[in-house]
Amino acid sequence: MTRKAVIHVGLPKTGTSALQDWCYRNRENFLADGIAYPPPDSRSISPKHQYIVEDLFSGHANRMREALQNTTEQTVVLTTEGLTNHLYDFSDGALEEFRTALHGFAVRIFLVVRDKEFFLKSYYKQAVLNPPILRFNYATSLNLNEFSALERTRRLADYDRLASDLSVKYGAADVVVSKYEGDWLSDLIKVAGITTLPTFAPLQKVHVSVSDDVVEIVRQVNGKGLTEQQRSQFLAVVQNVLHTDHNGLLLYARQHDAALLRNKANLAVAQGIMPPQRSAGGHSCADPNLADRPAGTMSFAMSAAGPFMVLEDGDLPPQSELRSQP
């Protein structure tokens, strides 16, 4: 019997994090129906298969191929909203590798869409808050109307064309389109062939949208020509003053606060006020060479090491590409 691959591709801002969290928490229950949910990318906040996107940017699909080969179940469920968000960024060669990796599987794409006005506004908010990547219009200073008029944005909002392109580019037998405002979870359950629902953990809301006022503050900051370090520090201040529930802003604040504490410790060590603290591995937790570095420096090192963690319901290309941005 031909095996089935159900690939949830987003769109971004359509409950993707809630869907991914639900799949991950119920992965053991999936097995009773012969469904595998391969281990997600451990570096991502949401338990999704973000490595698929990273590999496609590198021109291959090696980790997806490996994940498929390591399963024996009849159906495999994969999910990352980057497969819509970056559909038009991947090279033809990378897409061919993707289709080749799925050889022998009947591929079904699961696409969730929402009212276009609300999608555009939510997608715009995230683009304003994201770390700066010029070619993706992240950390944009455009207003909503200007952002909505971009070709990149218009392509994602053309749902009929998007569904058709998803089928062709990913080699899918069909694309199931579900509405965010409807019962998309029931649609996913049907597409995946899940029958053991009484034992399943319930769906939970994962992310909270940030207010329009906060987005406008950040948008204006984006247009001030700040360095990435300065912007990061400012967003940390915004979070510490306004106390939002947005994951990205919370992370900026945590990184900035940790950097302040570490730099204070480094300064104390350099001045002989306190001895170096040792970690469990015996390494110094306070480096005198860092004593004069600005507080945001550590925040940026952490951000560069894990940029995917800053995003709510989004994704990034390989880290090397991110670090090459101004």
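Around residue 75, what is the net charge, scoring Lys/Arg as +1 and Asp/Glu as -1 over all other residues with Cβ under 13 Å from its Cβ?
+3
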Trypsin sites (Lys or Arg not before Pro) within region 27-104, DSSP loop, no more than 14 other Cβ atoms inside 10 Å: 43
Kirkwood-based shape ratio for region 1-66, expressed as Rg/Rh from alpha carbons: 0.97
Coordinate range along principal axes, alpha carbons of region 67-163, Å, largest first: 48, 27, 22
Charge context of residue 115, other residues only, Cβ under 13 angstrom, K/R +1, D/E -1: +3
Sparse-neighbourhood loop sites, trypsin sites (Lys or Arg not before Pro) in region 198-245 - DSSP loop, at most 13 other Cβ within 10 angstrom: 205, 224
Whole-angstrom Cα spans of region 1-148 along principal axes, big to small: 51, 33, 27
Cα Rg, Dmax, region 167-231, angstrom units: 20.2, 54
Amide H within-cut-off set for residue 76, under 5 Å, with H built and near neighbours excluded: 4, 5, 6, 36
Set of region 217-241 residues, backbone N closer than 19 Å to the point 7 Å along the Cα-Cβ line of residue 260: 229-241
Where region 184-264 is the region considered: accessible area per residue in Å², 1.4 Å probe: 54 Å²
Accessible-area order (highest first, 1.4 angstrom probe) of the listed residues 60, 207: 60, 207
Total formal charge among the other residues, if their Cβ is under 10 angstrom from that of residue 172, Lys/Arg +1 and Asp/Glu -1: +2
³J(HN,Hα) computed for each position of region 163-179 - Karplus, 6.51 cos²θ - 1.76 cosθ + 1.60, integer Hz, glycine/proline x: 4, 5, 5, 4, 4, 6, 5, 9, x, 8, 5, 7, 10, 8, 9, 10, 9
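The values are calculated or read from the model by the stated rules, or taken from the named source; none is laboratory data. Quick caveat, the model's predicted, so the values are computed rather than measured. Glycine gets a Cβ as well: all are built from the backbone with ideal geometry, and neighbour counts include every protein chain shown. Quick note on the areas: whole protein, heavy atoms, side chains included, nothing else; ligands and nucleic acids left out. Shrake-Rupley method; radii C 1.70, N 1.55, O 1.52, S 1.80 Å.
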